[in-house]
Amino acid sequence: LPPRPEPEKPPAVPNGDLRLGGKGKKLRKPRTIYSSLQLQALNQRFQQTQYLALPERAELAAQLGLTQTQVKIWFQNKRSKYKKIMKQG
């Protein structure tokens, strides 16, 4: 009999950041937990502007020790929540 092909393994992850989200799903990062200081800064910035330009996003991310993607997603989610609340009155 020919040797069986080994089942595919997820790529090795040095920091354990990625996890398998169920069968046949994409690898996903665990949910980001923001510190109260980070949330305070993000909310403050959101009150000034709901949209960040790229350099602003980069600067804010660097200040708060977050990735640009985390800041981008946080703003997207915040806008979505904000619109939902405004819709309800």
Practice task
Let me know the charge dipole size of the range 36-88 about its Cα centre in debye, to the nearest 20, where only the beta-carbon of Lys, Arg (+1) and Asp, Glu (-1) is charged.
Solution key: 400
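What is the diffusion coefficient of the range 36-88 in µm²/s, taking the Kirkwood radius over Cα pairs and the Stokes-Einstein relation at 25 °C with a viscosity of 0.890 mPa s?
Numbers: Rh = 11.3 Å.
Result for D is 218 µm²/s.
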Handout entry: Rounded to whole Hz, the Karplus (6.51, -1.76, 1.60) HN-Hα couplings of the range 63-80, x for glycine and proline
Key = 4, 9, x, 10, 7, 4, 5, 4, 5, 4, 5, 4, 5, 4, 5, 5, 4, 4
Handout entry: Environment charge at E59 (Cβ cut-off 15 Å; Lys +1, Arg +1, Asp -1, Glu -1)
Key = +2
Problem - Charge dipole (the range 36-88, unit charges on Cβ, about Cα centre) - positive-most of L54, Q40, S80 - result: S80
Fill in the blank from the handout: For the K26, Y82 Cβ pair and Förster radius 41 Å, calculated FRET efficiency rounded to 0.05 is 0.90
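Throughout, read-outs are computed from the coordinates displayed, never taken from laboratory work. The structure presented is a predicted model; accordingly, all values stated were derived computationally and were not measured. Don't worry about glycine lacking a Cβ; one is built from the backbone with ideal geometry, like all the others, and counts go over all protein chains shown.
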